Each structure stands twice: as C-alpha cells, then as structure tokens.
Amino acid sequence: MKYFKPVLYFLLFVSLFVTNIWAQKQQFREAPQFYNSQDCPSITADDNEAEVDPDENDNNHICSDHAVHVAMTLDTAYIRGSMAAILSVLQHSSCPQNVFFHFVASASANASLLRATLSASFPYLKFQIYPFDDSAVSGLISTSIRSALDCPLNYARSYLANLLPLCVRRVVYLDSDLILVDDIANLAATELGDKSVLAAPEYCNANFTSYFTPSFWSNPSLSLTFANRKPCYFNTGVMVIDLDRWRAGDYTSKIEEWMELQKRMRIYELGSLPPFLLVFAGNIAPVDHRWNQHGLGGDNFRGLCRDLHPGPVSLLHWSGKGKPWARLDANRPCPLDALWAPYDLLQTPFVLDS
C-alpha cells in the first residue's frame with residue numbers, strides 16, 4: 001500500500017501532461033454561426049420542468065419539445081470527428097438554433113477542456129456535458145475484434161436514458177465519425193409507431209447470423225431469442241430513441257443482462273452492437289437508408305476504401321477502422337474522405353503560425 005499513492009500521483013501527472021499536449025496539438029477554428037428560418041418555433045422550457053442545474057448553459061431550452069435533441073459521446077481521441085459532425089448538423093439544419101446537444105464524456109476526462117474547446121468553435125452552441133462513470137460498464141465489457149470497440153464510452157449509448165434529464169423524451173444518437181448533408185429535424189421526426197423504442201436504418205440483406213457465435217446458435221434456449229421476430233442488422237451509430245419508452249421498459253438492464261451472459265459464455269465478437277441486436281432487432285421502426293450510409297471506414301481489420309450504397313444520401317458514416325481525418329493526415333485519403341474534409345475545423349500549423 002505504501003506505493004499506492006506515489007503511483008496514483010504519477011498516473012494523475014501523466015494524464016494531465018497528455019491532456020495538455022493534446023490541447024496544444026489540436027486547436028480548432030471558430031465555425032460560422034447559423035440562424036433559424038422564419039418558420040422555426042421558439043423553444044422554451046415549461047416552468048414546471050426546471051429540473052436541471054441552473055448553472056449550466058441554455059437550460060431554459062433543454063426541456064422543450066420543439067428542440068431537436070442530439071446525443072453524442074465526446075473524448076479527445078475523436079474530438080476532431082465530433083467537431084465536424086456538429087458543424088454538419090448545424091449547417092444543414094433549417095432551425096439550427098433549436099438543436100440541443102447532449103455530450104457524454106468519461107468522468108475521468110477533462111470536462112473543462114472539452115467544454116472550452118466546444119465553446120471556442122461554437123460560442124452559440126446549446127449543450128451540456130454529462131459525466132459517464134466508466135466503472136459502471138467496464139466490468140461488463142468483453143474483448144472484441146478491435147480494441148477501439150472495447151472503450152467504455154462506446155457503451156454510453158446504452159445509458160442515455162439514465163444520463164439525460166427526464167424531460168428529454170426523444171433523442172437522436174449520432175456517432176462522432178459521420179457528417180449530415182440533410183436537415184436533422186427530418187430524422188428526429190421519424191415515426192416510432194405505438195411500441196417501438198428506437199428507429200434506425202435496417203439492412204436485411206446482411207448475414208445476421210454472423211453477428212453471433214456458433215455457441216449462441218447451437219444453444220437450444222439462446223437460438224430461440226429471435227423466434228418471434230424478423231431480425232435484421234442495424235448500425236447503432238445513428239438511432240432515434242424514445243427515452244420515455246426506454247425508461248419504462250428498463251432496456252439498459254436488458255442490455256446489461258446480455259453483456260453479463262457474454263462474460264460467462266462467448267456469444268458474440270463485436271463490441272456494443274450485438275446486445276442492441278439481441279434486445280431490439282426485429283422490433284425497431286425503419287428509417288430510410290439515406291440516413292446512414294455506413295461502412296465508409298472500411299472493415300474492422302484493414303479499413304479499406306469503400307463506395308456509397310446505391311441511392312440518395314442524407315448522412316455519411318465512416319464506421320469501421322479507417323477514419324477520414326487519419327487518412328487525410330497520412331496523405332492516403334479514400335475518395336469519399338473529400339466529402340468530410342470541408343467540415344474539418346482543425347487549424348493547420350500554417351494557420352496557427354500566421
């Protein structure tokens with residue numbers, strides 16, 4: 001025990017040092033300000049729903065049903081992608097001043113630095129940052145085919161109903177490696193029907209059985225999981241979620257139950273996606289494929305270039321190993337990375353020195 005405190009102080013020093021280095025290396029320019037069109041409704045909170053901390057910014061808007069609520073995770077590794085995604089949402093929104101961002105960051109992250117970074121590039125942005133306790137999920141995570149998928153923050157989407165204020169009833173969840181080229185209000189308005197908890201584009205031509213191990217399908221009890229459903233693969237990087245229905249059904253616990261089983265017997269290989277499929281596949285509301293042109297980052301091993309799926313495009317998603325900012329920095333971009341580049345707010349060394 002006598003070595004515990006020195007080691008703890010050393011780790012804290014290293015964390016602060018790395019954070020400071022990151023802050024010096026990644027500086028972002030200020031984005032243009034975008035304004036509502038004349039037809040946009042005013043967003044104000046009801047007086048009886050003032051349940052959030054008054055010290056946070058723009059809380060008078062957070063409970064408005066007229067706001068478009070967007071949830072994303074936020075960390076230093078993907079901040080560059082997050083900034084581009086935010087810019088794309090605002091730039092293509094008809095009511096950008098009605099968009100409220102809910103950012104989930106690790107409780108161990110430097111929230112002040114993240115907040116300052118966002119505010120410097122988007123001084124007008126309506127947002128809150130919610131701390132996510134990594135320990136709440138780290139004990140449930142099993143190793144997957146790519147280490148990046150094992151990050152606890154990657155599982156934060158399962159806890160949005162617990163993290164966001166109760167007055168937020170519907171949210172659009174977005175990954176950090178995407179851009180929108182259409183009005184997010186159209187996605188947020190997706191009809192969920194009478195029972196569906198979430199909506200997402202489905203891909204029924206994908207080999208659904210490949211998302212689970214032979215041990216899963218050979219187990220007589222587990223193989224009946226989808227018996228009364230017509231399950232299809234869907235990507236959890238773009239979802240419209242009814243948080244009221246999620247809370248009422250305690251779906252976070254249902255996802256955790258599958259993760260606990262995975263710790264006892266290996267039933268899947270791919271991070272946070274399979275528990276969502278186990279709980280929701282076959283019971284989600286459909287969304288047009290244009291809202292998740294995914295897979296642009298290639299597969300999970302090599303990240304090779306890929307083309308768009310046939311059809312119109314409202315959202316481009318670089319899911320997979322390859323990220324556009326990394327390929328652009330390496331001077332080895334894929335052709336579609338040029339569509340992401342105009343949203344990149346990172347200041348180049350030349351700009352910083354001038």
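The values are calculated or read from the model by the stated rules, or taken from the named source; none is laboratory data. Predicted model only: the values in this text are computed from it and were never measured. Virtual Cβ from ideal backbone geometry, glycine too; neighbours counted across all protein chains shown. When the accessible area is computed, the model is the full protein with side chains, heavy atoms only, and any ligands, DNA or RNA have been set aside. Shrake-Rupley method; radii C 1.70, N 1.55, O 1.52, S 1.80 Å.
If you go through segment 265-297 and pick out every residue that is polar (S, T, N, Q) and out of contact with any His (no Cβ under 8 Å at 6 or more places or on another chain), you end up with 2.
On the given criteria, is residue 132 in contact with a Phe, Trp or Tyr (Cβ under 8 Å, 6 or more places away or on another chain), closer than 24 Å to residue 254 by Cβ and aromatic (Phe, Trp, Tyr)?
It is true that residue 132 is in contact with a Phe, Trp or Tyr (Cβ under 8 Å, 6 or more places away or on another chain), closer than 24 Å to residue 254 by Cβ and aromatic (Phe, Trp, Tyr).
A quick yes/no check of all residues on (1) closer than 30 Å to residue 29 by Cα; (2) in contact with an Asp or Glu (Cβ under 7 Å, 6 or more places away or on another chain); (3) at pLDDT 95 or above:
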residue	(1), (2), (3)
263	no, no, no
282	no, no, yes
286	no, yes, yes
309	no, no, no
313	yes, no, yes
345	yes, no, yes
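The set of residues from segment 162-181 being of a type in the set (A, V, I, L, M) and part of a loop (DSSP other than H, G, I, E, B) comprises 164, 166, 168, 181. Among the residues making up segment 280-294, a single one is surrounded by fewer than 20 Cβ atoms within 10 Å (Cβ to Cβ) and either in contact with a helix residue (DSSP H, G or I) (Cβ under 6 Å, 6 or more places away or on another chain) or free of Cβ contacts under 8 Å to residues at least 60 places away in the same chain (or both): 282. Determine whether residue 263 is among the basic types (Lys, Arg) and either under 22 Å from residue 194 (Cβ atoms) or not in a helix (DSSP H, G or I) (or both). No; evaluated as a whole, the condition is false for this residue. Working carefully through the options 167, 204, find the one that is of a type outside the set (Val, Ile, Thr), touching a residue at least 24 places away in the same chain (Cβ under 8 Å) and open to solvent by less than 60 Å² (accessible area, probe 1.4 Å). Of the residues listed, the single one that is of a type outside the set (Val, Ile, Thr), touching a residue at least 24 places away in the same chain (Cβ under 8 Å) and open to solvent by less than 60 Å² (accessible area, probe 1.4 Å) is 167.
Taking segment 160-206 as the range and being over 15 Å from residue 68 (Cβ atoms), small (Gly, Ala, Ser) and within 17 Å of the chain's Cα centre (by Cα) as the test, the residues that pass are 161, 176, 200.
Could you grab me the full set of residues in segment 306-315 that are closer than 25 Å to residue 147 by Cβ and touching a Pro at 6+ places or on another chain (Cβ under 9 Å)? Scanning segment 306-315 gives no hits. The set of residues in segment 266-276 being in a helix (DSSP H, G or I) and in contact with a helix residue (DSSP H, G or I) (Cβ under 6 Å, 6 or more places away or on another chain) consists of 274, 275. When segment 138-161 is limited to residues that are assigned to a helix (DSSP H, G or I) and charged (D, E, K, R), the one that is surrounded by the most Cβ atoms within 10 Å (Cβ to Cβ) turns out to be 157. Does segment 151-171 include one or more residues that are farther than 20 Å from residue 251 by Cα and of a type outside the set (Phe, Trp, Tyr)? Scanning segment 151-171, I find at least one residue that is farther than 20 Å from residue 251 by Cα and of a type outside the set (Phe, Trp, Tyr), so the answer is yes. Annotation note: Cβ proximity below 9 Å between a residue of segment 171-192 that is open to solvent by less than 10 Å² (accessible area, probe 1.4 Å) and aromatic (Phe, Trp, Tyr) and a residue that is modelled with pLDDT of 95 or more and in a helix (DSSP H, G or I) (sequence gap 6+ or interchain) occurs for 173/157; 173/160. Every condition in (1) touching a residue at least 12 places away in the same chain (Cβ under 8 Å); (2) surrounded by fewer than 20 Cβ atoms within 10 Å (Cβ to Cβ) holds for residue 241 except the one numbered (2).
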